[in-house]
Amino acid sequence: MSAAELILRGGRVVTASGVAVADVAIAEGRIVAVEPDLSGWTASEDLEATGLHVFPGGVDSHVHFNEPGRTGWETIACGSAALAAGGYTAFVDMPLNSDPVTIDGAAFDLKLGAAAGSSLVDFGLWGGLVPGNLDRLEELVQRGVIGFKAFMCPSGIDAFPGCDDRTLREGMRRIARLGSILLVHAEDPAIVDALIHRATAGGQNGALDFIRSRPAAAELEAISRAIGMAGETGCRLHVVHVSTAGGVELIREARRSGVDVSGETCPHYLLYVEEDMERLGGAGKCAPPFRSAADRDGLWRLIADGALPMVVSDHSPSSPDLKRGGDFFKLWGGISGCQSTRQLLLSGDGSRSLALPTIAAVTATNVARRFGLASKGEVAPGFDADLWLVDLSHEDVVRGRDLLYRNAFSAHEGRPIRGRTVRTMVRGRTVFAAGRPSKGPAGRLIRPAPPASA
């Protein structure tokens, strides 16, 4: 007779390949069996999961938790608790909103210390590519960054400037040699800068003026340039927060041509269109901005078709005062949303929704595979016991009072959601249950596995 520490019995297990009733056995933080019936196994603890769905723990590879340095905006403790509440068991933190920015080994060490001391879930760290830090990329890889992030336009953080083409191209060469990956914020600076100057010089500073200053053409031009450089240098490339259907098509065509490139989108590009930014005000300001209904509809279709493999939050919070004011160009750009990603996708948009296996894929499995998180993203033997037990009969709306962020507000407030988190487990340890996060840090640093081609 086989033995385990814990067996989840009778849940509907959701993976990227399907949904099936199964028992899940866990020992030493790992899944050791997933079978229709483990009645022949013994366990120190049995957990009844009948009536619940069991997803792989979510992996949010695009969050800004702002620590160290800007803990008035967000903290790793609050952000990771919010993720656990939403069924996530791992995140990768972006390099630019902390102080210092994560562009060298010393800054990595500071952020690692902050995360290890407070994160409720497992975590990885992105390094930054900026003008002047080409010689620091290797030390960041040695410390364990998942990859690198660069802006093709100004980032909004002075200490993290956008990359000129020379830095971007040479950075790609070095990142390719190091076996890592580059993420890009793709908006063409020439287009954006000219349109911002025109708008502000004319006193046009409303929400729609801001949207017009960052048109779809700026995204498409930047994606095309980045793909060209990636093909030239052999660098693996990932385009963050793609807001246009045309951008996804560019990525799909490049992949067909042999370029190793992927992309992601975010719930706000699936739920809102340009006119919504006026209604939401500062809480809805983000860059790239919301797009047309045709783009929104196209993104849903491309996810369902498998052409768009990831949906991440781009959780980029701030204090409320930075979201208020009459000049939209001066408001902080970023949406708080990491707690609600999966519940928003489960609810869908009106008559549209995604199949459960697709949600597992785009919020966990595909993310872990693309970024080399070898033990994450699957409900299968040998993987970490990172699991989300959720009651899908529950429907509600996003409410500020339920959010665990440092500043409990979101553009998503009032949106329909589906699913109540019954339990979230990180390596077999419960980090959220009965409506509350557990006490104390539980997260560990995730290091990337070598790419499959290495």
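Some points to look at:
- Hits in the stretch 121-167 (condition: closer than 16 Å to Val92 by Cβ and aromatic (Phe, Trp, Tyr)): Phe123, Trp126, Phe148
- Taking strands (runs of 3 or more DSSP E) as the structural unit, those lying wholly within the stretch 1-58 and holding at least 1 residues that are over 28 Å from the mean Cα position of the chain (by Cα) and of a type in the set (A, V, I, L, M) correspond to 3-15, 18-27, 30-35, 42-48.
Residues checked against (1) surrounded by 23 or more Cβ atoms within 10 Å (Cβ to Cβ); (2) part of a loop (DSSP other than H, G, I, E, B):
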{"position": "Thr200", "(1), (2)": "no, no"}
{"position": "Gly203", "(1), (2)": "no, yes"}
{"position": "Ser224", "(1), (2)": "no, no"}
{"position": "Glu232", "(1), (2)": "no, no"}
{"position": "Val242", "(1), (2)": "yes, yes"}
{"position": "Asp276", "(1), (2)": "no, no"}
{"position": "Gly281", "(1), (2)": "no, no"}
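- Screening Phe329 on (1) buried (at least 20 other Cβ atoms within 10 Å of the Cβ); (2) in contact with a Phe, Trp or Tyr (Cβ under 8 Å, 6 or more places away or on another chain); (3) in a helix (DSSP H, G or I); (4) hydrophobic (A, V, I, L, M, F, W, C) shows it passes everything except condition (1).
- Subset of the stretch 180-198 (residues that are free of Cβ contacts under 8 Å to residues at least 40 places away in the same chain and surrounded by 19 or more Cβ atoms within 10 Å (Cβ to Cβ)): Asp188, Ile191, Val192
- Taking helices (runs of 4 or more DSSP H) as the structural unit, those lying wholly within the stretch 70-179 and holding at least 3 residues that are surrounded by fewer than 18 Cβ atoms within 10 Å (Cβ to Cβ) correspond to 105-116, 137-143, 165-177.
- Any pair with Cβ under 7 angstrom, 6 or more apart, that starts in the stretch 293-308 at a residue that is under 20 Å from Ala361 (Cβ atoms) and modelled with pLDDT under 95 and ends at one that is aliphatic (A, V, I, L, M) and assigned to a helix (DSSP H, G or I): none
- In the stretch 362-380, the residues that are closer than 20 Å to Phe148 by Cα form Cβ pairs under 9 Å with partners that are of a type in the set (Ser, Thr, Tyr) and part of a loop (DSSP other than H, G, I, E, B), at six or more places apart or across chains, as follows: Ala368/Ser375.
- Every pair of residues 6+ apart whose Cβ atoms lie under 7 Å, when the first sits in the stretch 23-39 and is over 12 Å from Val379 (Cβ atoms) while the second is of a type in the set (Lys, Arg) and in a loop (DSSP other than H, G, I, E, B): Gly29/Arg427
- Which listed residue is small (Gly, Ala, Ser), under 22 Å from the mean Cα position of the chain (by Cα) and closer than 30 Å to Ala374 by Cα, from Gly156, Gly171, Gly147: Gly147
The values are calculated or read from the model by the stated rules, or taken from the named source; none is laboratory data. These numbers come from a predicted model, not from an experiment. In this analysis, Cβ positions are derived from the backbone assuming ideal geometry, glycine residues included, and neighbour counts consider all displayed protein chains.
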